[in-house]
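The values are calculated or read from the model by the stated rules, or taken from the named source; none is laboratory data. Only a predicted model underlies this, so the values are computations on that prediction, with no experimental measurement involved. Note: ideal-geometry Cβ built from the backbone for every residue, glycine included; neighbour counts use all protein chains shown.
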Amino acid sequence: MSDEHHNRDHQDTMVNEFLEEMGGAIQRAESRLPSPQDRAQTYTEFAIQHADTPTSWAPIVVLAVVCISLSFIMYIGLQHIEEQLSVTLL
Amino acid sequence: MNTLESKQDASNLLDQDAFYNMVKQTQGSLFRVALGITGSHAISEELIQDCYLISYEALLDGRWKGEHVKSWTQKVLVRLAIRRMQRHRRRNQIMQIIGLNKFFEHKTNTNEQGIATDSSIPPHFMVHLHALPVMQRSALILHVVEGLSARQVAEQLGKSEGAVEQLLVRAKKTLKQRLEEDHDER
């Protein structure tokens, strides 16, 4: 039983040491990065330049209404012309 | 090293100087998390860039309103990193099946096990860390490296606190087994 306890303690210590060293390695990697100001500037400029502006639906809706209205008017007009032509031909 | 207590919120971040200051404050934490999850320096930089772009677009759309900057950016980054690693894993599996994995290794900066070869973290950390599924790895990085509580990790991963505790227990158990095997081999 005490061997088991000892073994478990040993495993816990190994995991804790591993995690601590891993955290340290990640922080060292971060400290080796170039100047934070330059990186922040690059990220900011990229985000502002490449961001899509939100879609405004108003002009799209107006355009769609105009297109549908024109199609309807053309349809009525063509029907009228067709009627006139058939009357003339008869 | 708590990370979620920044009092700055998203209001007025559309101003370029304010956005720059927010980036300067949060980029270190985002790099640590991204590097821990992906293991790759280049992929981490790419993810951070995407994270700030998504955040800026969310500001423009009004989708990002009240949430604190560190919490929001970290959440976006973690989700991007998890999605990236899952996609990467699926692609590696397909490449292995059709026998093209060798051909793509240099393009993705990874070796046969899908472990980054451009990492500034010593390889033995990477080998053990990447033996964990990406969700377990993410939870462990947020908890150990960033010092977040299980509740805070749960918020970042969109899971329940219980689920995160399970992830942490399983991650530590796997690490224990691997480290023990390593120890026995020596």
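For the reader, a short list of remarks on this structure follows.
Yes/no per residue for (1) of a type in the set (D, E, K, R); (2) within 14 Å of chain B (Cβ to nearest Cβ); (3) more than 26 Å from B:GLN25 (Cα to Cα):
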site	(1), (2), (3)
A:GLN27	no, yes, no
A:GLU30	yes, yes, no
A:PRO36	no, yes, no
A:CYS67	no, no, yes
A:PHE72	no, no, yes
A:VAL87	no, no, yes
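- Scanning region A:38-65 for residues being loosely packed, with under 10 Cβ neighbours inside 10 Å and either within 14 Å of another protein chain (Cβ to nearest Cβ) or under 28 Å from B:MET126 (Cβ atoms) (or both) gives a total of 5.
Table: residues versus (1) over 23 Å from B:GLY147 (Cβ atoms); (2) at pLDDT 90 or above.
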| site | (1), (2) |
| --- | --- |
| A:MET14 | no, no |
| A:GLU20 | no, yes |
| A:GLN41 | yes, yes |
| A:HIS50 | yes, no |
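- Residue in region B:160-171 that is touching a helix residue (DSSP H, G or I) at 6+ places or on another chain (Cβ under 7 Å), crowded, with 17+ Cβ neighbours inside 10 Å, small (Gly, Ala, Ser) and within 14 Å of another protein chain (Cβ to nearest Cβ) present: yes
- Test result for B:SER71, more than 9 Å from chain A (Cβ to nearest Cβ), polar (S, T, N, Q) and touching a strand residue (DSSP E or B) at 6+ places or on another chain (Cβ under 6 Å): no
- Among the candidates A:PHE72, A:PHE18, residue that is of a type in the set (Phe, Trp, Tyr), under 30 Å from B:ARG178 (Cα atoms) and over 34 Å from the mean Cα position of the chain (by Cα): A:PHE18
- Helices (runs of 4 or more DSSP H) wholly inside region B:83-179 containing at least 1 residues that are modelled with pLDDT under 85 and hydroxyl-bearing (Ser, Thr, Tyr): B:101-108
- Among the residues of region B:45-54, those identified as more than 7 Å from chain A (Cβ to nearest Cβ) and in contact (Cβ under 8 Å) with a residue 24 or more places away in the chain are B:LEU47, B:ASP50, B:CYS51, B:ILE54.
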